[in-house]
Amino acid sequence: MWRKAAAGAVLALAVSGCSPEAPPAPPPVPAPTTTAATTSTTSAPGTAARPATVSSAPAAGWQVGARPLPRRSDGFGEVEPTPPELVNRALPTKDVLPPPAGAAYASTISAVPADVLARSTWQPGCPVKAADLRYLTMSFWGFDGRAHTGEMLVNATGAAGITKVFGQLFAARFPLEEMRVTGPAELTAPPTGDGNSTSAFVCRPARGQTTWSAHASGLAVDVNPFCNPYTQGDLVLPELASAYVDRSRHRPGMVLAGDATVRAFAAIGWSWGGNWHSPTDRMHFTATGH
């Protein structure tokens, strides 16, 4: 949650709240050091969600971002049936940061390190100053049943609330496949329709508009885009995620009306794009309503 008319970053450009297609993850960066500017969060009680049974043997043989899709006339990739390997998606997580030392939730909030800013989509023309963004690291459970450390750029005004939300998701063992900073190459990459990175800040306009997306201010988060696709008319984003349009078939990683994920974001004042009707943006949570 994430120029959407530009075909390269299917989700990054496809919805006012969609995250980009996921090419190979960026190189590992050193784990940030907790300082006085860093906040730690522990799991909150009373946040149990429906059980999310993750696979101990994730699907093998699928390489995310490996097969570009033919283009539609609108510049997006052709919407194709979901490959069998992804109908019950449970791909392993590729670690960007070292995994947490224990089973307890941990998070940090800090100013954005220069090297992280350099590999992000931030540029001087973005609607948020670099000084007004924060770099978060947060524990999350992967579909592989293991604890991982993710990274995210968000607006400073929402940083503490977001670490609280993901602490509640960790307590509920809600699985995420990836959580990493979006890079500029993803905005022009060919559509592959299989990305599933949970992310926030992406400096880009809203789909088909010249106004900025809420993501461009770090005020929106997309959660498991493949498991929670964007739909409008015959368009599904990511383009291979049609199997997840049927919300009656509950699978791990899905966000459903009234569930613990929706409630956790609502508690910090963020709304859910899954309540929208045209488009319906199931991955998208926003502080601005857009």
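The values are calculated or read from the model by the stated rules, or taken from the named source; none is laboratory data. What you are looking at is a predicted structure, and each value in this text was computed from that prediction instead of being measured. With ideal geometry, Cβ positions are generated from the backbone for all residues, glycine too; neighbour counts draw on all protein chains shown. SASA here: full protein model, heavy atoms, side chains in, ligands and nucleic acids out. Shrake-Rupley method; radii C 1.70, N 1.55, O 1.52, S 1.80 Å.
Of everything listed in (1) open to solvent by 10 Å² or more (accessible area, probe 1.4 Å); (2) within 27 Å of residue 160 (Cα to Cα); (3) small (Gly, Ala, Ser); (4) at pLDDT below 95, the single unmet condition for residue 217 is (4).
With respect to (1) among the polar types (S, T, N, Q); (2) modelled with pLDDT of 95 or more; (3) open to solvent by 10 Å² or more (accessible area, probe 1.4 Å), the lone exception for residue 211 is condition (2). Residues in region 65-76 that are open to solvent by less than 20 Å² (accessible area, probe 1.4 Å) and either part of a helix (DSSP H, G or I) or out of contact with any Ser or Thr (no Cβ under 7 Å at 6 or more places or on another chain) (or both) were compared, and the one that is nearest to residue 151 (Cα to Cα) is 76. Residues considered: 264, 243. Of these, the only one that is out of contact with any strand residue (DSSP E or B) (no Cβ under 8 Å at 6 or more places or on another chain), within 20 Å of residue 199 (Cβ to Cβ) and in a helix (DSSP H, G or I) is 264. Restricting attention to region 91-127, the residues that are small (Gly, Ala, Ser), open to solvent by less than 30 Å² (accessible area, probe 1.4 Å), in contact with a helix residue (DSSP H, G or I) (Cβ under 9 Å, 6 or more places away or on another chain) and not in a loop (DSSP other than H, G, I, E, B) add up to 1.
Note on region 57-98: residues that are of a type in the set (Gly, Ala, Ser) and closer than 16 Å to residue 142 by Cβ total 4.
Residues of region 156-183 that are within 25 Å of residue 213 (Cα to Cα), open to solvent by 20 Å² or more (accessible area, probe 1.4 Å) and touching a helix residue (DSSP H, G or I) at 6+ places or on another chain (Cβ under 6 Å): 156 alone.
You will find that of 287, 241, 264, the residue that is open to solvent by less than 20 Å² (accessible area, probe 1.4 Å) and either over 22 Å from residue 171 (Cβ atoms) or modelled with pLDDT under 95 (or both) is 241 and no other.
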